[in-house]
1. In whole Å, what three semi-axes, largest first, describe the equivalent ellipsoid of segment 10-146 built from its Cα gyration tensor (square root of 5 times each eigenvalue)?
2. How would V93, V116 line up from fewest to most surrounding beta-carbon atoms within 10 angstrom?
3. I'd like to compare 52-61, 105-114: which one has the highest average count of other Cβ atoms within 10 Å, and what's the full order after that?
4. Would you kindly derive the ³J(HN,Hα) couplings of segment 77-85 from the backbone phi angles with the Karplus curve 6.51 cos²θ - 1.76 cosθ + 1.60 (θ = phi - 60°), listing them in order in whole Hz, with x for Gly and Pro?
5. Sum up the charges of everything whose Cβ sits under 11 Å from the Cβ of L117, counting Lys and Arg as +1 and Asp and Glu as -1, but leave L117 out.
6. Measure nothing fancy, just the Cα-based angle from helix 16-28's long axis to the longest principal axis of the chain, in degrees from 0 to 90, nearest 10.
7. For the chain, what does the helix formula give at 222 nm: sum of -39500 (n - 2.57) over DSSP H segments with n ≥ 4, over the residue count, nearest 500 deg cm²/dmol?
8. What does DSSP give for the chain in terms of the percent of beta bridges that are antiparallel, rounded to the nearest 5?
Amino acid sequence: MTNALAPAPIIDNSTPWVAQQIEQYVATDGEKPTFRYNAPLLLLTTRGRKSGEWRRTCLIYGPDDDRLLIVASLGGAPTHPVWYLNLRDNPRVWVQVGGETFWAVARDATPEEKPVLWEKMVGIYPDYADYQTKTDREIPVVILERE
């Protein structure tokens, strides 16, 4: 179900395994692919901060009442993922969860919110805890709120 028009055109992540995830996700309305620990996946489309192009990737998410949580881990890399840099400059994002698509506004969890939300996400995907030990940067938890 779509409550608004999607941005167009959308450019999918070019990393082969991520592109395959996106293709499977779109074809099955999110029933596939499955991920480690059965972590739920969504598709996030952000507007490029430099190019202005709409770019889509597949991410683990956690439900939080009527909000969605995502983690900008990049596997514990020393830099933030590009999608995160994009939404910091352009917080209006297009989201697909299962067969549902919608616009949302992204924001970082506040320092007060983050500890509880971080633990929730580590509960969904335990590798996040290890990722944080691999990097000196603070891995952000991002809250997506529907428009």
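Just so you know, all these numbers are worked out from the coordinates, no wet-lab data involved. Model, not experiment: these values are computed from the prediction. Using ideal geometry, Cβ is built from the backbone for each residue, glycine included, and neighbour counts are taken over all protein chains shown.
1. Details: eigenvalues 86, 60, 49 Å².
Working through the eigenvalues yields semi-axes of 21, 17, 16 Å.
2. On the way: V93 23, V116 11.
The order, fewest Cβ neighbours first, is V116, V93.
3. Numbers: 52-61: 19.3, 105-114: 14.4.
Taking the mean over residues of other Cβ atoms within 10 Å, the ranking is 52-61, 105-114.
4. Once θ is set to phi - 60°, the couplings for segment 77-85 become 5, x, 10, 6, x, 4, 4, 5, 4 Hz.
5. On the way: positive: R67, K114, K120; negative: D64, D108, E112, E113, E119.
Here the count lands on -2.
6. The angle comes out at about 60 degrees.
7. On the way: 4 runs with 40 residues, N = 147.
Estimated from H runs of four or more residues: -8000 deg cm²/dmol.
8. Values: 29 of 33 bridges.
If we restrict to bridges inside the chain, about 90 percent are antiparallel.
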